[in-house]
Amino acid sequence: MWIVADGTPLGRVQWRQPAPVVANNWGVLWRSLRAGVPDDRYNDDLPLAAFRADGNGATARFAHGSSRLFDVLVGADGCRSLVRSHLSAQTRPDNAGYVVCHGNYPEARLAQRVPVDRTNAERAWCTVCFDGGNPITYVVPGVDGQSDPGHRRVNWLVFT
């Protein structure tokens with residue numbers, strides 16, 4: 001839902017735009033994925049220096065000199081990704097021309113539930129339009145994975 005100020009506390013819905021997206025709590029997603037990887041196959045805080053993929057899997061070479069063969073190599077190494085630079089050499093990080101601040105908040109601690117209930121009823125996220133930027137809010141499962149009202153978290157982003 002796209003909301004514009006109209007002098008009322010909740011504003012006026014300017015338009016509704018379908019968005020076939022399922023929002024998730026990244027912590028819940030990470031824990032679910034991590035639970036499927038045995039400790040001896042998971043490398044955290046071990047800098048990747050290079051990798052090579054072939055029909056047998058992906059061989060990772062680490063900064064301290066060791067290498068290891070994996071079935072799958074997940075490159076979750078940020079905006080200056082070594083993995084991305086090898087898979088798509090022409091891709092370069094660039095400033096998008098805006099700044100975004102983001103966070104999330106326990107739904108149960110909200111002082112004013114009406115905006116969350118309004119978007120929840122429509123299974124929507126809410127974008128508020130104002131000069132110079134816009135905030136977006138939507139709910140995600142809580143840190144324990146619960147997705148029923150009162151146990152979720154409200155994600156928020158402000159683009160300027």
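Here is how the numbers come out for the structure above:
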quantity	calculated
Surrounding net charge for VAL143, when Lys and Arg each add one and Asp and Glu each subtract one, Cβ distance under 11 Å	+2
Helix axis angle, 26-35 relative to the chain longest principal axis, alpha carbon, degrees	30 degrees
D_trans [Stokes-Einstein, Kirkwood Rh over alpha-carbon pairs] for the chain, 20 °C, 1.002 mPa s, µm² s⁻¹	112 µm²/s
Whole-angstrom gap from segment 101-143 to segment 32-81, using each part's C-alpha centre	36 Å
Ordering of 48-54, 109-115 by burial proxy (mean other Cβ atoms within 10 Å per residue, highest first)	48-54, 109-115
P(r), alpha carbons of segment 10-59 - 10 Å bins starting at zero, rounded %	15, 26, 26, 15, 12, 5
Max mean-square fluctuation residue, GNM over the chain, Cα-Cα springs under 10 Å, options ASN25, ASN56, ASN43	ASN56
Extension gain from ALA108 to ASP71, taking 0.36 nm per residue of separation minus the Cα-Cα distance	9.2 nm
Net lengthening on full extension, ASP45/ARG31 (0.36 nm per residue, minus Cα-Cα)	3.4 nm
Estimated [θ] at 222 nm from DSSP helical runs (n ≥ 4, -39500 (n - 2.57)) normalised by residues in the chain, nearest 500	-4000 deg cm²/dmol
Computed E for ALA53/VAL158 - FRET, C-beta separation, R0 45 angstrom, nearest 0.05	0.70
Residues with amide H under 5 Å from that of ARG153, placed H, sequence gap 5 or more	GLU107, VAL140, GLY142
Shape of segment 117-160, Cα gyration tensor, a/c cut at 1.5	oblate
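Bear in mind these aren't lab numbers, they're just calculated from the coordinates by the rules spelled out. Computed from a predicted structure; not experimentally measured. Methodologically, a virtual Cβ is constructed for each residue, glycine included, from the backbone with ideal geometry; neighbour enumeration extends over all protein chains shown.
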